[in-house]
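Comments concern the structure below.
The values are calculated or read from the model by the stated rules, or taken from the named source; none is laboratory data. Fair warning: this is a prediction, and the values are worked out from it, not measured in the lab. We place every Cβ from the backbone using ideal geometry, glycine too, and count neighbours over all the protein chains shown. For the accessible areas, the whole protein counts, side chains as well, though only heavy atoms, and no ligand, DNA or RNA atoms are used. Shrake-Rupley method; radii C 1.70, N 1.55, O 1.52, S 1.80 Å.
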Amino acid sequence: MKIAPSLLSCDFSRMGQELERMDKAGADWMHLDIMDGHFVPNITFGAPVIRCVRKYTDKPFDVHLMISEPLRYIDDFADAGADIITFHVESDSDIDKTIEKIKSRNIKAGLVIKPKTPAEAVFDYLDKIDLVLVMTVEPGFGGQSFMADMLPKVRAIKEECRRRGIDMPVEADGGIGAATIAQAAAAGVDVCVAGTAVFKADDAAKAIAELQSY
């Protein structure tokens, strides 16, 4: 299991140092949630912040765009240092064009689905993308409770990938910690986004290692 600490749960006044702390604690990826206050009812940070903190770690930046028009901003986030860009099928941008734009920047592209969106919404794009992110909370705020009823979507996506001979990771984001990661792992999740479970832990390295053991 790969663990991607969500910077949404970090101390924003010390984001660079928080990235260093998660790097030293053994995180696999760094998950950066971009919210525009329109697609979701919250605002976080944008490409300039990512550019500033990119120097604090060499770990892959997993940039999750929770914005209405992701296509308009792909170059900004690519220039800022994103290694992976995921965007929502529910956004207003053309999905194929957005995937193509991300790929044109030699960055991995992924699709995200909200809790009310069926797994089948990504099936037509599985041969064009590098991962699928299944939200296990309603996107917008950290600290929410894990929605276990989202896990059948993970299984459905994994099964469809197997049927087509596609080897692609599925990521889950929302409410994942020591009490819920076993369920995610059993459903076939390959990468878990963890926020408060690692940033608020007394020992971040121990918390990450325990989550990675699944």
Within region 103-177, GluC sites (Glu not before Pro) in DSSP loop having at most 11 other beta-carbon neighbours inside 10 Å: none
Sequence-distant lysines (8 or more away, or on other chains) whose Cα lies within less than 20 Å of Lys153: Lys2, Lys114, Lys116, Lys128
Where labels lie 7 Å past Cα in the beta-carbon direction, separation of Ala209 and Ala178 in nm: 1.4
Three-way shape call for region 1-84 based on the alpha-carbon gyration tensor, with the a/c threshold at 1.5: prolate
Per residue value of the accessible surface for the chain (all protein chains in place, 1.4 Å probe), Å²: 43
Label-to-label distance, nm, for residues given as Ala185 and Glu138 (7 Å Cα→Cβ offset): 3.1
Three-way shape label, region 1-42, alpha-carbon gyration tensor, a/c 1.5: oblate
Length-normalised contact order of region 101-214 in % [C-alpha pairs under 8 Å, at least 6 apart]: 22
Rg [Å, one decimal], Dmax [Å, integer] - region 37-82, C-alpha atoms: 11.0, 31
Inter-label distance, nm, simple model (7 Å from Cα along the C-beta direction), Glu100/Asp127: 1.7
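Restricting attention to region 112-159, which chymotrypsin sites (Phe, Trp or Tyr not before Pro) occupy a DSSP loop and are surrounded by at most 16 other Cβ atoms within 10 Å?
Phe141
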Rounded to whole Å, sorted largest first: equivalent-ellipsoid semi-axes of region 98-205, Cα gyration tensor: 24, 16, 13
